[in-house]
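The structure under discussion appears below in the form of structure tokens.
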Ligand SMILES: Cc1ncc(COP(=O)(O)O)c(C=O)c1O
């Protein structure tokens, strides 16, 4: 039997070659190309390419913390349901994360933000995760701008093409297997008028050794996708997620982006439209599968069909559901929690399924219901 990862892979592995050939271009040229691509989406911002999304948050906070005008401020408002690297970036900057409530569709609750803003607030971070970006975010940002002069940050790590409201001072992007398939890497965007006047940040260059480490990580990912399924004991093992997060867990380092991340960032930015089409198709296949299986229910955020992760609410025992995905070889995003402990999550029944545009889910989620619904899950339940 052919491993699922291979027959469901959208493009022939040989198509990776032209992408990889870009590695031989000068790094400055790659930097310029990626910067231009991002500037096409975000016109009024200066783009600084950095080591990761999490370090972009850290870099920005470290930049504004030095401003005299804000020297008595030490609180950063963040959503109550978010990847713990956001918390970490705030704490590591010697600031206090203050959590505001989000609704069931992961959108900020204005009333709660209003009560939490104080003279201590240095920044408010909005994070449109799981396709949740809509007018609610715009209204919340407007409310902040009316109430405080704190910095407004949009963490667009999971929605690279969402244009944030005009009040936004900084934007965070990630090229680490969210909208774009990559090997870490991220961007800090600072509103041009502020970045030119008083918010300057220059990331440190990477050493040869550091560049090499990223390259090595890329080859590990490649091995995981293409070669290891061949020798896996279960022949239908499928690797959706190839995140390098666990190998760079809390990397906050004021460093520049690596060359291999630039190569994939450029490829991803060129493919954004294509990715949307493939994700829509994948979403439909997954939705049908959910309707047949009834072990998870999709949380229908506004842009869920094109989001890099599909949030689902678990029906019944989460352990059974996790086991099912695990046996399919689908690596899910666990409930966001502090210190990776799902027990401490604000939403213990919410997991997210990566919607990887490099895989064709119509092939994967077509065969599995018959295979699993009757023979496998029913037995366990
Ligand atoms: C909303 C959000 N912000 C920031 C990050 C961190 O991005 P990176 O993995 O590039 O450090 C993540 C990672 O999952 C995220 O989901």
So for R0 = 35 Å, FRET eff. of residue 20-residue 327 from the Cβ-Cβ r, to 0.05, ends up at 0.60
If one builds a Gaussian network model of the chain from Cα atoms under 10 Å apart, the most fluctuating residue listed among 20, 49, 266 is 20
Highest mean packing first, using Cβ neighbours within 10 angstrom, the peptides 21-34, 93-106 sort as 93-106, 21-34
Helix 208-222: inclination vs the chain longest Cα principal axis, degrees, rounded to 10, gives 30
Tilt, helix 27-41 to longest principal axis of the chain (alpha-carbon atoms), in degrees rounded to tens, equals 90
With Cα coordinates, the longest principal axis of the chain makes an angle with the long axis of helix 53-64, in degrees rounded to 10, of 10
Proxy exposure order for 159, 290 (fewest C-beta within 10 Å first) is 290, 159
Inverse of <1/r> over all distinct C-alpha pairs of the chain, i.e. the Kirkwood Rh in Å, gives 21.5
Whole-Å distance linking the alpha carbon centroid of the range 317-362 with that of the range 11-51 is 30
Taking Rh as the Kirkwood radius computed over alpha-carbon pairs of the range 12-115 and applying Stokes-Einstein at 10 °C with viscosity 1.306 mPa s, one gets a diffusion coefficient in µm² s⁻¹ of 93
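Rank-order 351-363, 62-74 by packing density, defined as the average count of other C-beta atoms within 10 Å over each peptide's residues, highest first. Provide the component values of the computation, followed by the final result.
On the way: 351-363: 21.1, 62-74: 14.5.
Highest mean packing first, the order is 351-363, 62-74.
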With 0.36 nm assigned to each residue of separation and the Cα-Cα distance removed, residue 297 to residue 40 gains 88.9 nm
Dividing the helical contributions, -39500 (n - 2.57) per DSSP H run of n ≥ 4, by the residues of the chain yields a 222 nm value, nearest 500 deg cm²/dmol, of -11500 deg cm²/dmol
In a Gaussian network model of the chain with springs linking alpha carbons closer than 10 Å, the residue among 346, 170, 256 that fluctuates most is 346
Largest-first semi-axes in Å of the equivalent ellipsoid built from the Cα gyration tensor of the range 24-197 are 25, 18, 15
Percent antiparallel among DSSP beta bridges confined to the chain, nearest 5, equals 60
Contour minus Cα-Cα span, residue 317 to residue 334, at 0.36 nm per residue, comes to 4.7 nm
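A short reminder: the numbers here are calculations on the coordinates, not readings from a lab. Fair warning: this is a prediction, and the values are worked out from it, not measured in the lab. No Cβ is skipped: glycine too gets one built from the backbone with ideal geometry, and neighbour counts run over all protein chains shown.
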